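What follows is a single structure, written as structure tokens, with notes after it.
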Amino acid sequence: MTLSLLELLLGAAATLLLWTLVRSPSPIAILARGLARIVRERAYRTPLLLVLGVLAFDLVQCTFDDRLTALLGYDCTGWIHAAEGDVASAVQKLAWLPAIYVFAFFYVVMFPVITAAPLIYFAATERLRAYRALLFGVIVNYAVCLPFYFFFPVKEMWAGNPAHVSLLLDRLSPAIMEAYRATSALDNCFPSFHTSLALTSALIVRRTCPRAFARAIGASAVIIVASTLYLGIHWALDVAAGTALAVLAARAMLKGACGTPRPTHHHRRDTAQGE
């Protein structure tokens, strides 16, 4: 079984498990209704296509990132290291193989799941404003991060501080990060996109989804943020900047979705009244 197929199967299982927390409709109904609505209805399809376009652009950007950094002729990693020292590296003193597996699972598998699962749920339950808020949250996060990735190159912590930090994913398999590198250049580190998008999703879901589902997404987001430090990928300043971006992005997106009340276990559609 290839690594990509394993990631896909684990992600699908995690998504179905998360959907059991909304009680109604059933996970299979959420999947069928959500995907059908996204395919059939332009209001749902168009913003998703915009996000897919952003992801395609990211692939192109990562392909040419090394050349751009070479043209710039500077690297900001030293500034970040000088500003925070070896604070973030302290968490690796607790390196333990079972913990590495857990954090790797959340970093690799759960990161896309905590955005995809709410999106399909919103589509299945006709919560268009919340659906758009989450998708445009992805776009806003990437739009803010991109200039930093272009003009403020910061290497991942394991590469910028090799004397004190190691890439713990390599203890499981070097193939994991090799596969991930296509969508995340080595010096696209500040701010942490994993942090900003995970927390943006959690904050939007907290206001628009059933409580148990929102708590599970929130807990997953927190573990994803912790994983970026534990695995040796992001600096503490990357995470701090990503957190600030998430708060601002979620607040902006929720202004458009504030008429979407938190549903109970019974299905509620978007309404025009504010919370």
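The values are calculated or read from the model by the stated rules, or taken from the named source; none is laboratory data. Computed from a predicted structure; not experimentally measured. So basically every Cβ, Gly included, is an ideal-geometry build from the backbone, and we count neighbours across all protein chains shown.
Identify, from the list GLY232, GLY274, the residue that is in a loop (DSSP other than H, G, I, E, B), out of contact with any Lys or Arg (no Cβ under 6 Å at 6 or more places or on another chain) and modelled with pLDDT under 95.
Within the list GLY232, GLY274, the selection yields GLY274.
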Does THR183 satisfy being over 25 Å from ASP86 (Cα atoms), of a type in the set (Val, Ile, Thr) and in contact with a Lys or Arg (Cβ under 9 Å, 6 or more places away or on another chain)? no
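Listed residues LEU16, LEU68, LEU8; which is touching a Pro at 6+ places or on another chain (Cβ under 9 Å) and either modelled with pLDDT under 95 or among the small types (Gly, Ala, Ser) (or both)?
It is LEU68.
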Any residue in region 154-176 that is more than 22 Å from SER89 (Cα to Cα) and out of contact with any Lys or Arg (no Cβ under 7 Å at 6 or more places or on another chain)? yes
Which listed residue is outside any helix (DSSP H, G or I), of a type in the set (Ser, Thr, Tyr) and over 24 Å from PHE150 (Cβ atoms), from SER166, SER201, SER220, SER227: SER166
Residue count, region 190-215, condition touching a His at 6+ places or on another chain (Cβ under 9 Å) and touching a residue at least 60 places away in the same chain (Cβ under 8 Å), comes to 4
Being aromatic (Phe, Trp, Tyr) and either under 17 Å from the mean Cα position of the chain (by Cα) or not in a helix (DSSP H, G or I) (or both) is the filter here, so list the residues in region 83-120 that pass it. TRP96, PHE103, PHE105, PHE106, TYR107, PHE111
Does region 22-35 include one or more residues that are of a type in the set (Ser, Thr, Tyr), surrounded by 13 or more Cβ atoms within 10 Å (Cβ to Cβ), over 30 Å from SER166 (Cα atoms) and under 23 Å from the mean Cα position of the chain (by Cα)? no
Cross-chain or 6+ apart pairs with Cβ under 7 Å, region 106-121 first and without any contact (Cβ under 8 Å) to a residue 60 or more places away in the chain and surrounded by fewer than 22 Cβ atoms within 10 Å (Cβ to Cβ), then not in a helix (DSSP H, G or I) and not polar (S, T, N, Q): none
Kindly indicate which of TYR101, TYR74 is aromatic (Phe, Trp, Tyr), exposed (fewer than 14 other Cβ atoms within 10 Å of the Cβ), under 22 Å from THR228 (Cβ atoms) and touching a residue at least 24 places away in the same chain (Cβ under 8 Å). TYR101
